[in-house]
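Okay, so here's the structure we're looking at.
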Amino acid sequence: MSDTAVEILLVEDNPNDVKLALHAFKKNKVANHVHVARDGAEALEFMFGTGRYAGRDIESGPRVILLDLKLPLVDGIEVLRLLKADPRTQAIPVVVLTASREERDVVQSYQLGVNSYIVKPVDFDQFTESVRELGFYWLLLNHLPATSGKS
């Protein structure tokens with residue numbers, strides 16, 4: 001991956017949660033390049049190099065996707081469904097990071113191939129620690145298959 005490769009795609013529409021996550025990544029030196037998509041449609045355009053991201057080299061990341069479920073335009077479940085159905089993106093780890101505790105969302109996410117489902121902590125310190133641990137595991141410890149084009 002190049003120096004401009006995206007390590008984390010954060011798909012989140014809540015500006016406060018975006019700000020907290022970016023602060024936590026920076027504070028813990030978790031990722032060099034985080035891209036934020038503020039709705040499901042933007043996330044799909046980014047991942048597949050279409051729309052406003054036409055021509056983007058989809059081989060340049062991300063290494064992990066942090067996905068909220070309750071998103072405008074295209075909800076997180078549909079984003080997950082499309083990512084896991086496409087051979088170009090199905091091996092990229094997706095971590096649902098959402099406020100939803102609904103059993104239906106948890107079950108459906110795992111049926112679609114999510115790698116982890118985390119309910120957002122409301123406490124700032126807990127949220128910061130959760131983001132630090134996510135980054136440490138998915139960026140430093142997790143090993144992707146060579147066929148995904150990312151290592």
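Using alpha carbons only, how many angstrom separate the centre of region 83-125 from the centre of region 24-73?
15 Å
Using 0.36 nm per residue of separation minus the Cα-Cα distance, give me the extension gain between Asn115 and Asp86 in nm, one decimal.
Result: 8.9 nm gained on full extension.
Run through region 19-55 and list the trypsin sites (Lys or Arg not before Pro) located in a DSSP loop whose Cβ has at most 14 other Cβ atoms within 10 Å. Display every interim value, and only then the final one.
Working: sites: Lys19, Lys26, Lys27, Lys29, Arg38, Arg52; in loops: Lys29, Arg38.
Passing sites in region 19-55 are Lys29.
Express the Stokes-Einstein translational diffusion coefficient of region 8-148 in µm² s⁻¹, to the nearest whole number, given a Kirkwood radius over alpha-carbon pairs, 37 °C and a viscosity of 0.692 mPa s.
Stokes-Einstein gives a translational diffusion coefficient of 218 µm²/s.
Would you calculate, for the chain, the mean residue ellipticity at 222 nm contributed by helices, counting each DSSP H stretch of 4 or more residues as -39,500 (n - 2.57) and dividing by all residues, to the nearest 500?
When only DSSP H runs of four or more count, the value is -10500 deg cm²/dmol.
Using 0.36 nm times the number of residues separating Asp75 and Glu129, minus their current alpha carbon distance, what extension gain do you get?
16.8 nm
Hey, fewest Cβ within 10 Å first, where do Arg104, Arg63, Arg56 land in order?
Ordered by Cβ neighbours within 10 Å, fewest first: Arg104, Arg56, Arg63.
Order by neighbour count: Tyr53, Tyr110, fewest other Cβ atoms within 10 Å first, most last.
Exposure proxy ranking, most exposed first: Tyr110, Tyr53.
Most exposed first by the Cβ proxy, i.e. fewest other Cβ within 10 Å, how do Phe48, Phe124 rank?
Working: Phe48 17, Phe124 11.
By the 10 Å Cβ count, ascending: Phe124, Phe48.
Write out the GluC sites (Glu not before Pro) in region 6-103 meeting two conditions: DSSP loop, and at most 14 other Cβ atoms within 10 Å of their Cβ.
Listed in order of number, the matching sites are Glu102.
Read the figures in this text as sums done on the coordinates, not as results from a lab. Being a predicted model, the structure only gives us computed values, none of them experimental. In this analysis, Cβ positions are derived from the backbone assuming ideal geometry, glycine residues included, and neighbour counts consider all displayed protein chains.
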